[in-house]
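Note sheet for the following structure.
The values are calculated or read from the model by the stated rules, or taken from the named source; none is laboratory data. On a predicted model such as this, the values are computed, not experimentally measured, just so you know. Every residue, glycine as well, gets a Cβ built from its backbone with ideal geometry; the counts of neighbours run over all protein chains shown. Please note that ligands, DNA and RNA were not included when accessible areas were found on the heavy atoms of the full protein model with its side chains. Shrake-Rupley method; radii C 1.70, N 1.55, O 1.52, S 1.80 Å.
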Amino acid sequence: MMKTTWWKEAIVYQIYPRSFLDTTGNGFGDLNGITSKLDYLKSLGVDVLWLSPIFQSPDDDNGYDISDYRNIMEKFGFMDDFDRMLKAAHDRGLKIILDLVVNHTSDEHKWFKESKNSSNNYYRDYYFWRKDKPSNWLSFFGGDAWEYDSKTKAYYLHLFSKKQPDLNWENEQVRKEVYDMMHFWLKKGVDGFRMDVIPMISKFLDFPDMDRNDFMNAINNLYTNGPRLHEFLREMNEQVLSKYDVMSMGEGIGIAAHQGLLYTDELRRELQMVYHFDHMALDWGDNGKFDPKSWKLTEFKHVFRSWYRELGDKGWITLFLDNHDFPRMVSRFGNDKEYRVESAKLLITLLMTLRGTPCIYQGSEIGMTNVQFDSLDDYKDIEIKNKVKEWRAQGRNMEELKFIVHKIARDNARTPLQWNKDMHSGFSKAENIWIDSNPNFTQINVESALENPNSIWYYYKKIISLRKMHKTLVYGNFEEFMSNSEDVYVYRRWDEKGNYLITLNFTNHPQFIDTIPEFEKSTLLIGNYSGSMDNKWALRPWEARVFYLNRFG
Ligand code: ISL
């Protein structure tokens with residue numbers, strides 16, 4: 001029997017602080033902006049706010065390169081603002097979790113600056129320094145993962161940008177520093193952590209060469225799941241997490257379904273949940289996201305089925321379809337043109353009816369879409385900037401790159417939250433903001449959504465509250481129908497309390513569902529089309545329905 005607990009029932013909302021709301025007029029969102037919108041978030045019905053990094057950082061990778069873990073980035077405010085925000089959240093029954101980025105620091109962190117100084121510096125061993133280049137590894141943001149530094153004539157490892165040197169977790173002192181820092185925030189009352197690229201913290205110290213034409217293989221087999229990973233996670237749990245009643249959510253890059261329990265089995269005392277990348281990488285070719293390929297609904301369904309089977313009643317996952325690293329979910333998995341509203345509602349229906357803890361990314365509640373900047377120079381992400389340099393240097397076709405960028409850019413999700421029709425979508429009063437708003441803010445914005453009872457926003461609110469009332473949707477068993485269909489996703493969730501049928505049409509055309517006699521008498525709990533339903537087994541384009549059957553009815 002599955003254990004019930006608050007973090008399984010919670011609904012997480014991810015805030016990307018620099019794009020949320022700017023109250024100072026510096027063109028960046030800030031902590032006071034978040035505080036001022038807590039009532040808005042509370043009224044949507046979410047429980048936990050995950051904040052992308054808010055710590056001091058030179059901002060090479062939008063704060064995922066931290067130079068001081070115990071101070072707030074000036075652009076976002078000060079520690080007083082943080083304390084006020086946390087208190088205001090708690091006053092409203094909202095929890096706040098922070099981003100724990102400890103696979104790497106910034107190269108401007110004092111540990112790295114020291115470590116770079118001399119080969120016998122105390123901090124030298126906080127990072128991976130080698131006299132000879134140990135492997136041919138590529139970094140996520142292009143180029144070699146080993147960077148030569150002339151001061152001590154040695155190479156250091158950085159799996160991300162060269163301003164993000166990887167920490168050496170083999171060093172006990174490094175682990176102690178991380179645990180102390182976690183205690184610092186938890187003692188302040190923070191409610192847990194989302195853990196950045198956590199499967200990467202233990203390295204294969206012989207650094208085996210990769211196939212440079214198969215980046216995905218390197219991610220899954222060389223960069224993640226190192227030999228001491230689970231030992232480190234258990235230690236972190238024992239020394240820190242177990243002392244508080246908090247959430248631990250690992251970014252599960254590189255974790256395959258059959259490895260899910262190694263991280264999340266409650267008996268192993270490591271993490272509560274991970275969010276795997278299996279469905280998010282379906283459209284990546286061997287060379288990663290810049291090598292796109294098409295995906296099929298059957299593959300997508302297969303991912304959720306396998307994770308459900310592998311974890312059984314022992315483990316847990318985070319459910320998500322987008323975040324600050326991916327395109328907008330309605331543009332990627334739905335139809336952001338003629339069926340934007342319907343498909344956005346369908347996708348949240350999916351997230352709210354699968355087993356796992358759903359995580360909503362800011363702006364999804366109004367169906368924000370991908371952006372298509374005319375010039376590649378308008379993109380701010382280091383990943384894209386490096387790619388542009390690389391393609392230019394190789395004389396490749398820049399129009400082709402632009403086409404790919406429009407589809408897959410992380411900046412798609414990073415444009416400012418669209419609050420209203422004012423300048424910069426009501427995000428900021430500054431003349432220039434760090435990244436432009438999506439021009440469609442005049443149609444898609446929070447203010448208009450709140451005025452329209454049929455908006456995506458009100459559907460989110462309704463289905464969030466349904467999920468909370470019907471715990472079977474959280475914990476219940478899962479069984480699929482028509483699993484070979486490329487058009488519809490049909491499944492039931494059930495336990496001793498109830499039996500629910502979920503029917504989702506993932507196409508622009510009407511579809512028929514094979515009749516399921518057991519559900520003939522079920523009642524419609526929620527659907528994304530208004531008006532009456534003449535046939536239970538016929539779905540309109542992107543139609544989503546949830547039916548309910550009392551267990552004994
Ligand atoms: O978007 C990606 C790069 O192509 C992802 O593979 C991403 O790098 C991966 O999800 C890890 O993401 C996390 O760590 C990165 C940071 O840039 C991302 O924003 C963060 O979510 C390095 O800290």
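Before moving on, here are some points about what is shown:
- Ligands, DNA and RNA left out, the 1.4 Å accessible surface of the range 38-165 is 46% carbon and sulfur atoms.
- Site pair Asp180 and Asp68 shows an inter-label distance of 1.6 nm when each label is modelled 7 Å from Cα along Cα→Cβ.
- The tail of the calculated P(r) for the range 297-368, taken as Cα-Cα distances beyond 20 Å, holds 31 percent of the pairs.
- Nearest-0.05 FRET efficiency for Glu310 and Glu496, computed from C-beta distance (R0 25 Å): 0.55
- Full extension of the chain between Met423 and His230 yields a length gain of 64.6 nm, computed as 0.36 nm times the residue separation minus the alpha carbon distance.
- Around the amide H of Ile255, modelled in the peptide plane, lie the amide H atoms of Phe277, all under 5 Å away and 5 or more residues distant in sequence or on another chain.
- Once you reduce the range 402-445 and the range 178-239 to the center of their Cα atoms, the two points are 33 Å from each other.
- Rounded to whole numbers, the Karplus 3J(HN,Hα) couplings from phi for the range 86-92 are 5, 5, 4, 5, 4, 4, 9 Hz, using 6.51 cos²θ - 1.76 cosθ + 1.60 with θ = phi - 60°, and x at Gly and Pro.
- Square roots of 5 times each gyration tensor eigenvalue, C-alpha, the chain, largest first, Å: 38, 26, 25
- P(r), alpha carbons of the range 476-549 - 10 Å bins starting at zero, rounded %: 20, 57, 22, 1
- Accessible area (Å², 1.4 Å probe, nearest 10) - Ile408: 10
- Centre separation in Å (Cα based) which lies between the range 518-553 and the range 464-494: 13
- The orientation-averaged shadow of the Cα convex hull for the range 110-157, equal to a quarter of the hull surface, comes to 3.4 nm².
- Karplus 3J(HN,Hα) series, Hz, for the range 268-276 with 6.51 cos²θ - 1.76 cosθ + 1.60 (x for Gly, Pro): 7, 6, 10, 10, 7, 7, 10, 10, 6
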